[in-house]
Amino acid sequence: MEILNKYPVKSNATASRVLQGEAVVVLPLESVVHTFDPVGTRIWELSTGNNMLANIINSIQNEFEVEANKATQDAIEFINELVSKKMLILSEIPDEC
Amino acid sequence: MESISFNSFQFKKNPISIVLEIAGISIRICTENFQLTASAKERFKKFISPHNDYFLNLDVHLSPKIHFPNADGTEDFFNNQVFQNEKCTIYSNYFTGYIAIEKNYGKLICADYDPLSWLEHFLRIAYAVVVLKKGALLFHGAGLVKNENGFVFFGPSGCGKSTVTELSQPCTTLGDDLIVIKKNNNHFYIHATPFNSEKNDFLLTNTNSSIKSFYRLIQNKTTFIKEMSQANATAELLSSISSVNKNYDGSLTAIDLCSEIVNQIPCYEMHFTRDNKFWRYVNGNSE
């Protein structure tokens, strides 16, 4: 799947903090606040623009002992949802900054 | 409708001024309109400062109908805020104005129909911006004090803040809609504001109290409390701060403040029925 080769990066329109393993993410322009569970938080933390989605999913499989297909399916669904809400951008190339 | 040029509104004679002080933060309101000054003095009487020092000066001008053609109450109120370079500009169908924090100055042009209402609307937004700049939060919540402990009951409109306030009497009431949460010596305090429901205005005491706990109100068929995770509590607190809207830098300050609050002070969901039994659960926590 092509999406697995992309590099998720947090949108500049978000402000976030991680508290006790759960992310709190604010979109000020939309006046919206989201919280993520530990798996979603880890995906969010790894979405630095330097990690290919395939590698992020591998990390999730290892850290949370999740079966490969389920990890892939859930991660893609989560990433697509964040992209649709303008919280994440999928880059073709890694961020070298 | 003519667009408004702020520079075209200047005082022609010496304006009258009053100083409003909320949570130790003062705004001086200057206007040439005697009636507006008199009605503002009455409306905010518990918060008028006898001192002349202030953090921000707000010049208020009334505008003829040409600028606000529907300002006779026939149109639903709406407002929008734009933050740019330390300046917050507020647009509405009944007033327009700005707050320039770095210049400690603001200007409000409002319809001459019911100007006190538009002044109060503007002040709610202005204080949200100003207190956040000073590291405090203008918060949608009811602030109540019992046995020298402060409790904050919060949630969206209609969740029961005014109801909880009324059911809790007699007690020291700092507000049933908007309060200021401010840090002093590493502890968080609730401060009263005048921005509350008119029916409960008589209950208000202009004072402050240290905060014992927070309760997110949820109306239910039974009464119980449930502790919230720090992340959920932070998100709920953030949702109750109006200045988070459209203000990116303010959002970062607000997240950090809320994270600090939940790290220090317990936050619960308060599921309650429309009676004062919920205090048994609050009192249990305060012991």
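The values are calculated or read from the model by the stated rules, or taken from the named source; none is laboratory data. These numbers come from a predicted model, not from an experiment. Every residue, glycine among them, receives a Cβ derived from its backbone with ideal geometry; neighbour counts consider all protein chains shown. We work out accessible area using only protein heavy atoms, side chains counted, and drop any ligands, DNA or RNA first. Shrake-Rupley method; radii C 1.70, N 1.55, O 1.52, S 1.80 Å.
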Any hit, segment B:221-236, residues being within 12 Å of chain A (Cβ to nearest Cβ) and assigned to a loop (DSSP other than H, G, I, E, B): yes
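One line per residue, one yes/no per condition, for (1) within 24 Å of A:Asn69 (Cα to Cα); (2) assigned to a loop (DSSP other than H, G, I, E, B):
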| site | (1), (2) |
| --- | --- |
| A:Pro8 | yes, no |
| A:Val25 | no, no |
| A:Val39 | yes, no |
| A:Glu45 | yes, no |
| A:Asn51 | yes, yes |
Enumeration of residues in segment B:218-235 that are within 13 Å of B:Tyr268 (Cα to Cα) and among the polar types (S, T, N, Q): B:Thr223, B:Ser229, B:Gln230, B:Asn232, B:Thr234
Matching residues, segment A:20-35, being at the interface with another protein chain (Cβ under 8 Å from one of its Cβ atoms) and either open to solvent by less than 20 Å² (accessible area, probe 1.4 Å) or touching a residue at least 60 places away in the same chain (Cβ under 8 Å) (or both): A:Ala23, A:Val24, A:Val26, A:Pro28
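Take the conditions in contact (Cβ under 8 Å) with a residue 24 or more places away in the chain and assigned to a loop (DSSP other than H, G, I, E, B) and apply them to A:Asn12. Does it pass? Walk me through it before giving the result.
Numbers: in contact (Cβ under 8 Å) with a residue 24 or more places away in the chain: no; assigned to a loop (DSSP other than H, G, I, E, B): yes.
It is false that A:Asn12 is in contact (Cβ under 8 Å) with a residue 24 or more places away in the chain and assigned to a loop (DSSP other than H, G, I, E, B).
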Residue within segment B:169-176 that is crowded, with 18+ Cβ neighbours inside 10 Å and assigned to a loop (DSSP other than H, G, I, E, B) present: yes
Answer from B:Glu21, B:Glu102, B:Glu75 - the residue that is modelled with pLDDT of 95 or more and open to solvent by 60 Å² or more (accessible area, probe 1.4 Å): B:Glu21
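Does B:Ile261 qualify as being touching a residue at least 12 places away in the same chain (Cβ under 8 Å), away from chain A (no Cβ under 12 Å) and outside any loop (DSSP other than H, G, I, E, B)?
no
Go through segment A:74-87 residue by residue and tally those that are aliphatic (A, V, I, L, M) and over 14 Å from A:Phe36 (Cα atoms). Show your work before the answer.
In the first step, residues of segment A:74-87 are kept if they are aliphatic (A, V, I, L, M); the result is A:75-76, A:79, A:82-83, A:87.
Next, only the ones that are over 14 Å from A:Phe36 (Cα atoms) stay: A:76, A:83.
Result for segment A:74-87: 2.
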Any hit, segment B:6-18, residues being among the hydroxyl-bearing types (Ser, Thr, Tyr), assigned to a loop (DSSP other than H, G, I, E, B), open to solvent by 60 Å² or more (accessible area, probe 1.4 Å) and within 18 Å of B:Tyr98 (Cα to Cα): no
Residues located in segment B:229-252, provided they are more than 11 Å from B:Gly155 (Cα to Cα) and touching a helix residue (DSSP H, G or I) at 6+ places or on another chain (Cβ under 7 Å): B:Gln230, B:Ala233, B:Thr234, B:Ser242, B:Ser243, B:Val244, B:Gly250, B:Ser251
Qualifying residue in segment B:134-147 (condition: part of a strand (DSSP E or B), surrounded by 20 or more Cβ atoms within 10 Å (Cβ to Cβ) and among the aromatic types (Phe, Trp, Tyr)): yes
